[in-house]
1. Points 7 angstrom from Cα along the Cβ direction at Ala52 and Thr71: gap in nanometres?
2. What translational diffusion coefficient, to the nearest whole µm²/s, does the chain have by Stokes-Einstein, given a Kirkwood radius computed over alpha-carbon pairs, a temperature of 4 °C and 1.567 mPa s viscosity?
3. Loop-only check: which GluC sites (Glu not before Pro) in the stretch 12-75 are DSSP coil with at most 12 other Cβ within 10 angstrom?
4. So if each residue of separation counts as 0.36 nm, and I subtract the Cα-Cα distance between Ala9 and Ala59, what length gain in nm does that give?
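Any read-out appearing in this document is the output of simple, stated calculations on the displayed coordinates, not a laboratory observation. Being a predicted model, the structure only gives us computed values, none of them experimental. Positions of Cβ are backbone-derived with ideal geometry, glycine not excepted, and every protein chain shown enters the neighbour counts.
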Amino acid sequence: MQRGARPYAFTLRVPELNSTEIRGFILTITGRIVGFSDGQPVHCLNEDPALAPRCLIAAELAEIAFEDPQTGKVIANWNR
């Protein structure tokens with residue numbers, strides 16, 4: 001199932017940090033690998049032998065979440 005034209009969007013105002021503080025977030029993606037219409041889970045395309053192939057993986061996403069690693073608090077969550 002796709003979200004169609006609905007993007008995953010969330011805005012959070014983060015307090016200003018000291019230059020020595022490092023701030024990041026944890027992105028958690030939960031789901032499963034599925035197949036494209038031909039049943040294959042991975043499709044790769046290699047237009048130039050000098051470059052690595054580009055691959056797409058068919059996935060069904062069940063949940064996407066952003067978490068604060070310092071507190072473990074879920075900041076944003078999207079469920080199917």
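1. Spacing of the two 7 Å Cα→Cβ label points: 3.7 nm.
2. Details: Rh = 16.0 Å.
Estimated via Stokes-Einstein, D reaches 81 µm²/s.
3. Here the GluC sites (Glu not before Pro) that fit, given the DSSP loop and packing criteria, are Glu16, Glu21, Glu47.
4. 16.0 nm
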